[in-house]
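> One structure, as structure tokens, below. Some questions next.
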Amino acid sequence: MKHIGKIIFLLAVGGLSVRCAYAADTLRVSLRQADSIFQVRSYYLLAAALNVEAQRAQVLQASLYPNPVFTADLNAFNPERRRWADIGSEGQKAFQIEQLILLGGKKKAEIQLARTNALIAETELQRLSRELKFRLHTQLFASGQQRILLAKYNSQMALLDTLLNTYGEQAAKGNIPLKEVVRLKSAYLKLGNDRAALYQDFYETQAQLQTLLQTDKIIRFEFAESEITGYIKDVALSQLQQEALNSRPDWLMMQQQKTFAEQYLAYQQKLAVPNVNLFANYDQRGGAFNDQLNVGLNIELPLFNRNQGNIRSARYKLQETEQLVKAFENEMMSRLRTAYDSYRQTISEYNRASRLYNADFEIILQGMTDNFRKRNVSIIEFIDFFESYNDALSELMRTKIQLVTSAEQLNLLTGKDIY
């Protein structure tokens, strides 16, 4: 994780501030800005786009006809005249030009195969783009939520640190029991462990974002709460299923592969039709008479090899592809139903967590802290509330990330930005 070692996380007003060796080490992005950077910088998309161009070039290649073949037969040594390279007016030379004529529609079939391959490459680019976009969006929102929770953890660590210093001094004077200091230390260590685990998740998220955006800067995702609630939409499962059949790239690829298999079978059948090779030649002195001009053709006689094996193989490949298409459709619809049910469940969890967690939590935390300092609240009551408060924060963060992830998963499974 490049440059992660330079990061020092400090509490700042309004959230977590990332201080690096250089101010330029932080990249602040919105969702739209991140999408734009990703489209321009992604090496994965660039490689896939180049593959599309390579496949399009194959369409051009398939449309080209075979070149004619020119043959020159020149005398090397004339034993009658004892002359080398005797190719003059009384010597010997012969020339021939040949042209292969493809019959049976082979050239048209080759072009169709190349076009289908190019279309598959284009669809593969769309599939890759959507999968990477899913990763980008989910990691961005995860990073944003982790940063917010880290800021709260840092604030609480500072609070506990202050309380520990105060209580340590009072315990040393014998004003409070030492066990209360130990209980505070236990809470401090637990929160420190939770924060360390969250930092590790944050580092891993940053590493993925830096790979997707091709940068070594720390990504600070700027977003509003409305961008999370915007993922809550009432869309029927039947609509999602229809969108998947119309737009999902890997489903379209399966259809294109079936088309390719059909075209390949037709191509193999056309290969059974023999081609014709036309030729014309000139022979100065080696034929039946001098300066002989000939024209002719040759054609393969399909007596034994009529491409039967390749035709049968292509037919089985087509049947295999048809079965794979059916299997993929069943799997696609099953995964879509499961993802839709998970999405609806996540909405319920998010709504419940949002209702439970509100501004009252912060007010009560402040009140509990003040009363604890005044000895109006016991150490047990304070720690219990403190840990419950952190559990609520973690659960709220989880439900927000899960809401974004489940909605983006439906976008991925349908092949369209519905949420």
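The values are calculated or read from the model by the stated rules, or taken from the named source; none is laboratory data. None of the values given here were measured: they were computed from a predicted structure. Note that we place each Cβ from the backbone using ideal geometry, even for glycine, and neighbour counts take in every protein chain shown. Keep in mind that these areas ignore ligands, DNA and RNA; they rest on the heavy atoms of the full protein, side chains included. Shrake-Rupley method; radii C 1.70, N 1.55, O 1.52, S 1.80 Å.
> Consider segment 327-360. How many of its residues are at pLDDT below 90 and either in a helix (DSSP H, G or I) or of a type in the set (A, V, I, L, M) (or both)?
7
> Right, another one. Being open to solvent by 50 Å² or more (accessible area, probe 1.4 Å), in contact (Cβ under 8 Å) with a residue 60 or more places away in the chain and under 18 Å from GLN146 (Cα atoms) is the filter here, so list the residues in segment 205-248 that pass it.
Scanning segment 205-248 gives GLN208, LYS217, GLU222, GLU227.
> Pick out the one residue from LYS179, LYS258, LYS233 that is of a type in the set (Lys, Arg) and over 29 Å from THR338 (Cβ atoms).
After ruling out the rest, the residue left standing is LYS179.
> Here's a follow-up. I need the full set of residues from segment 349-377 which are loosely packed, with under 13 Cβ neighbours inside 10 Å and polar (S, T, N, Q), in order please.
Answer for segment 349-377, where residues must be loosely packed, with under 13 Cβ neighbours inside 10 Å and polar (S, T, N, Q): ASN358, GLN366, ASN376.
> Hey, any hits in segment 134-157 for a residue that's among the charged types (D, E, K, R), open to solvent by less than 50 Å² (accessible area, probe 1.4 Å), in a helix (DSSP H, G or I) and under 30 Å from LEU50 (Cβ atoms)?
no
> Any chance you could count how many residues in segment 254-289 are under 30 Å from GLU124 (Cβ atoms) and either under 34 Å from the mean Cα position of the chain (by Cα) or open to solvent by less than 40 Å² (accessible area, probe 1.4 Å) (or both)?
Total satisfying the criteria: 15.
> Does PHE386 qualify as being assigned to a helix (DSSP H, G or I), crowded, with 18+ Cβ neighbours inside 10 Å, without any contact (Cβ under 8 Å) to a residue 60 or more places away in the chain and not charged (D, E, K, R)?
For PHE386, the condition - assigned to a helix (DSSP H, G or I), crowded, with 18+ Cβ neighbours inside 10 Å, without any contact (Cβ under 8 Å) to a residue 60 or more places away in the chain and not charged (D, E, K, R) - is not met.
> Something else now. Considering only residues that are of a type outside the set (Gly, Ala, Ser) and open to solvent by less than 30 Å² (accessible area, probe 1.4 Å), look in segment 401-418 and name the one that is farthest from the chain's Cα centre (by Cα).
Per the criteria, the residue is LEU403.
> Then there is this: Yes or no: segment 59-70 includes at least one residue that is within 27 Å of GLN126 (Cα to Cα), modelled with pLDDT of 95 or more, open to solvent by less than 70 Å² (accessible area, probe 1.4 Å) and within 31 Å of the chain's Cα centre (by Cα).
Looking through segment 59-70, at least one residue is within 27 Å of GLN126 (Cα to Cα), modelled with pLDDT of 95 or more, open to solvent by less than 70 Å² (accessible area, probe 1.4 Å) and within 31 Å of the chain's Cα centre (by Cα).
> What number of residues within segment 95-144 are charged (D, E, K, R) and under 32 Å from the mean Cα position of the chain (by Cα)?
Result for segment 95-144: 9.
> I've got another one for you. Of all residues being over 50 Å from the mean Cα position of the chain (by Cα) and open to solvent by less than 60 Å² (accessible area, probe 1.4 Å) in segment 178-196, which is farthest from ILE379 (Cα to Cα)? Just the residue, please.
Out of the qualifying residues, it is VAL181.
> Follow-up. Please determine, by comparing only the residues of segment 176-226 that are touching a strand residue (DSSP E or B) at 6+ places or on another chain (Cβ under 8 Å) and assigned to a helix (DSSP H, G or I), which one is farthest from THR138 (Cα to Cα).
Residue satisfying both the conditions and the ranking: TYR199.
> If I go through segment 274-307 residue by residue, how many of them are touching a residue at least 40 places away in the same chain (Cβ under 8 Å) and either closer than 20 Å to ALA114 by Cα or touching a Pro at 6+ places or on another chain (Cβ under 8 Å) (or both)?
1
> Answer yes or no as to whether LEU396 is aliphatic (A, V, I, L, M), open to solvent by less than 40 Å² (accessible area, probe 1.4 Å) and under 23 Å from GLN145 (Cβ atoms).
So LEU396 passes the test.
> Continuing with the same structure: TYR22: at pLDDT 90 or above and among the hydroxyl-bearing types (Ser, Thr, Tyr), yes or no?
So TYR22 does not fit the description; no.
> Answer yes or no as to whether ARG315 is assigned to a helix (DSSP H, G or I), of a type in the set (Lys, Arg), open to solvent by 90 Å² or more (accessible area, probe 1.4 Å) and free of Cβ contacts under 8 Å to residues at least 60 places away in the same chain.
yes
> Being under 30 Å from LEU271 (Cβ atoms), of a type outside the set (Gly, Ala, Ser) and in a loop (DSSP other than H, G, I, E, B) is the filter here; which residues of segment 63-109 pass it?
Scanning segment 63-109 gives LEU64, TYR65, PRO66, ASN67, PRO68, LEU102, LEU103.
> Does PHE328 satisfy being within 41 Å of the chain's Cα centre (by Cα), open to solvent by 30 Å² or more (accessible area, probe 1.4 Å) and under 17 Å from GLU110 (Cβ atoms)?
no
> Okay, next question. Report, by residue number, each residue of segment 292-312 that is open to solvent by 90 Å² or more (accessible area, probe 1.4 Å) and assigned to a loop (DSSP other than H, G, I, E, B).
Matches in segment 292-312: GLU300, LEU301, LEU303, PHE304, ASN305, ARG306.
> Give segment 85-111 a look and list any residue that's farther than 17 Å from VAL273 by Cβ, aliphatic (A, V, I, L, M) and in contact (Cβ under 8 Å) with a residue 12 or more places away in the chain, or say none.
Scanning segment 85-111 gives ILE87, ALA94, ILE97.
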